[in-house]
Amino acid sequence: MRVFTSFRPIMRSSVASVLALLVLPAVTAGAQDRSQSRSMVQSTQGVVASESVLASQVGAQVLERGGNAIDAAIAMNAMMGLVAPMNDGIGGDMFAIVYDAKSKQLYGVNASGWAPKAMTPAYLRGKGHTRMPSRGIDAATVPGAVKGWEVLRNRFGRLSMADILQPAIQYAEQGFPVGEVVSVYWSDSEKALRADSATARTYLINGKLPAIGDVFRNPDLAWSYKQISTAGAKAFYQGAIAQKLLASQRQHGGVMTAADLAEFEAEWVTPISTTYRGWTVYELPPNGQGIAALEMLNIMEQFPLASMGHNTVPALHYMIEAKKLAYLDMQRYNGDPRFAKVPVTALLSKAYATQRAQLIKATRATCDLSYGTPEGTDNGTTYLSAVDKEGNMVSFIQSNYSTVGFGAGLVAAGTGFVWHNRGGGFTLDDQSPNVVAGRKRPLHTIIPGFMEKGDEKIAFGIMGGWNQSQAHAQFVSNIVDFGLNIQGAIDAPRFSKETFPGCDVNFESRIAKSTRDSLAAMGHEIVMRGDYSSTRMGSGQAVYRNFTTGLNAGASDPRKDGAAVSELLPVTRVTPRRK
């Protein structure tokens, strides 16, 4: 008998726990003795999930007003740029995977901006930089999010951009209470916010940091959203907003020109994929890091994780070692495919995964692994997802890059949003495929995910810098190997190895001490984090669709302030009975 079916609300961390479940009634185990934080939100109507309850409510409202999942995702993203401005906003980039229920096809959007034409290693070295700057105007590339919104809405949306952005405009003008998690990020960024006058005017309230529950307003952001509502992306890249962006560049000594903005376009891309024990898992192709999640899954597939047990010593060991191998390859070969030949097919071959898996020692952590040679080789983000009642699905991620410091730490005066610092993802190493160059896109951390098996489909993502690919792989394994539902798969304690070399690895404290001690004895250098560590483990959302039953479901990570919210059925007006 298999207790762990794909969407049972059960989560266990040892083989002994699994054996105990086999002798208990399934109802008792599922309803009264579970470890996940909450139940999935289930509905025959649309379901949305984001890291803000308010943004999720707006997304559900858009569905109730006749919009689809794509409209809801853009509306939620606009709200997130207001309520969590350190994480994301229209000064940053975005990526999305869309499942179109009518054509039954997946579509990818890469809306990551390029470096200014004059941004070269020689230019930066001439300014005294020995490595890519991570703050300031030279860390800012062209923001791609608004172009991404436009291409998504033009192809799949039902509502006008004005209708989609209206909720965010109203909240920007009238204000909202600052949430618990984002208030901490605001506080952590105080020094950066006070360092620039336009930034301070935008994000401080009468010169003070917003505290939990303080009502924050951003009329300048409302103005920017109104420009986009009226003139579309042209307002951002050529119109009134563009003029303010270029003035900011001149003020801070940047090299971005009107042509750099006006000539940028978002790109439709074909998702890349691998299979994992009967499921197909999709990511977007380079310049994102999603290829590392797929290679990691291919390596993990070489080991019988399900029989080892969830979050047991051997299962965690093999996953951590798989992460090291996949990330080293990603670091070596990944970049903008318009500038470098990225060996995607070779890196994702099962034969290559078998070869790489042979480097893993069964009882010892390896601290000095290196990248392989496949055959043929020449930390501020928001993730959200949506499914509507027709079955259209969106996996959507958008970012300023650095949470602490609000991206590049600079607001273009009058716009209400910060420049992102995504240029910090480049390198000055001339031998790297990711070396900075004009009109080139940097290696990106942010990735949307999607997985399917038969009529079951899941749009998912977990944010958090270099945590993302390894978190994706853990989420997929939680679903496939250990039978957790989407809420349990997000809740489950995670590891995160932020560095590329070495044996250091972050663990959430919910992983058993005996497990941690055994892994430490094998050479893993464990860094302890809290029970639910959003800073190190990121935060995720997911929506699920069963096309056989018509069931939709959503899940939201307890590591942030968010929620999954269902679209409500229209209320039938009842005529009062006469007395």
> Tyr203 versus (1) closer than 23 Å to Ser52 by Cβ; (2) modelled with pLDDT under 95: which is the lone unmet condition?
Replying inline: (2)
> Could you list, in sequence order, the residues of segment 120-137 that are in contact with a Pro (Cβ under 9 Å, 6 or more places away or on another chain), buried (at least 18 other Cβ atoms within 10 Å of the Cβ) and part of a loop (DSSP other than H, G, I, E, B)?
Replying inline: Met132
> In segment 469-484, what count of residues is obtained for those that are within 18 Å of Glu452 (Cβ to Cβ) and either of a type in the set (Asp, Glu) or crowded, with 24+ Cβ neighbours inside 10 Å (or both)?
Replying inline: 8
> So is Thr403 buried (at least 20 other Cβ atoms within 10 Å of the Cβ), part of a strand (DSSP E or B), in contact with a strand residue (DSSP E or B) (Cβ under 9 Å, 6 or more places away or on another chain) and modelled with pLDDT under 95 or not?
Replying inline: no
>> Among the numbered criteria (1) over 30 Å from Arg201 (Cβ atoms); (2) modelled with pLDDT under 95; (3) in a loop (DSSP other than H, G, I, E, B), which one does Leu21 miss?
In response: (3)
> Limited to segment 406-441, what total is found for residues that are of a type outside the set (Val, Ile, Thr) and part of a strand (DSSP E or B)?
Replying inline: 0
> Quick check: anything in segment 538-547 touching a helix residue (DSSP H, G or I) at 6+ places or on another chain (Cβ under 8 Å), in a helix (DSSP H, G or I) and modelled with pLDDT under 95?
Replying inline: no
> Any idea which residue in segment 436-468 is farthest from the chain's Cα centre (by Cα), counting only those that are of a type in the set (Phe, Trp, Tyr) and surrounded by 22 or more Cβ atoms within 10 Å (Cβ to Cβ)?
Replying inline: Phe450
> What residue, among those in segment 310-349 that are surrounded by 21 or more Cβ atoms within 10 Å (Cβ to Cβ) and small (Gly, Ala, Ser), is nearest to Gln431 (Cα to Cα)?
Replying inline: Gly335
> Is it the case that some residue within segment 550-557 is within 30 Å of Lys453 (Cα to Cα) and surrounded by fewer than 24 Cβ atoms within 10 Å (Cβ to Cβ)?
Replying inline: yes
> Quick check, is Ala473 of a type outside the set (Val, Ile, Thr) and more than 25 Å from Tyr107 (Cα to Cα)?
Replying inline: no
> From the residues in segment 62-119 that are among the polar types (S, T, N, Q) and over 24 Å from Gly254 (Cβ atoms), which one is surrounded by the fewest Cβ atoms within 10 Å (Cβ to Cβ)?
Replying inline: Ser103
> Mind checking which pairs have a first residue in segment 251-265 that is among the aromatic types (Phe, Trp, Tyr) and a second that is not in a loop (DSSP other than H, G, I, E, B), Cβ under 7 Å, 6 or more apart or different chains?
Replying inline: Phe264/Lys147; Phe264/Tyr237
>> Scan segment 485-494 and tell me whether some residue there is among the acidic types (Asp, Glu), out of contact with any His (no Cβ under 9 Å at 6 or more places or on another chain) and either surrounded by fewer than 23 Cβ atoms within 10 Å (Cβ to Cβ) or not in a helix (DSSP H, G or I) (or both).
In response: no
>> Being among the small types (Gly, Ala, Ser) and farther than 17 Å from Ala542 by Cα is the filter here; which residues of segment 35-74 pass it?
In response: Ser35, Gly66, Gly67
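Listed here are the residues, each with its yes/no results for (1) in contact with a helix residue (DSSP H, G or I) (Cβ under 7 Å, 6 or more places away or on another chain); (2) at pLDDT 95 or above; (3) among the small types (Gly, Ala, Ser).
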residue	(1), (2), (3)
Gly449	yes, yes, yes
Ile462	yes, yes, no
Asn485	no, yes, no
Phe495	yes, yes, no
Gly502	no, no, yes
Phe507	yes, yes, no
Tyr532	no, no, no
> What tally of residues in segment 153-182 results from selecting those that are assigned to a helix (DSSP H, G or I) and modelled with pLDDT of 95 or more?
Replying inline: 18
>> Looking at segment 490-503 only, could you name the residues that are of a type outside the set (Ser, Thr, Tyr) and within 13 Å of Arg536 (Cα to Cα)?
In response: Pro493, Arg494, Phe495, Lys497, Glu498
>> Based on this model, can you work out whether Leu152 counts as within 25 Å of the chain's Cα centre (by Cα) and within 24 Å of Val394 (Cα to Cα)?
In response: yes
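The values are calculated or read from the model by the stated rules, or taken from the named source; none is laboratory data. Since the model is a prediction, treat every value here as computed from it, not as a measurement. Note that each Cβ is placed from the backbone with ideal geometry, even for glycine, and that neighbours are counted across all protein chains shown.
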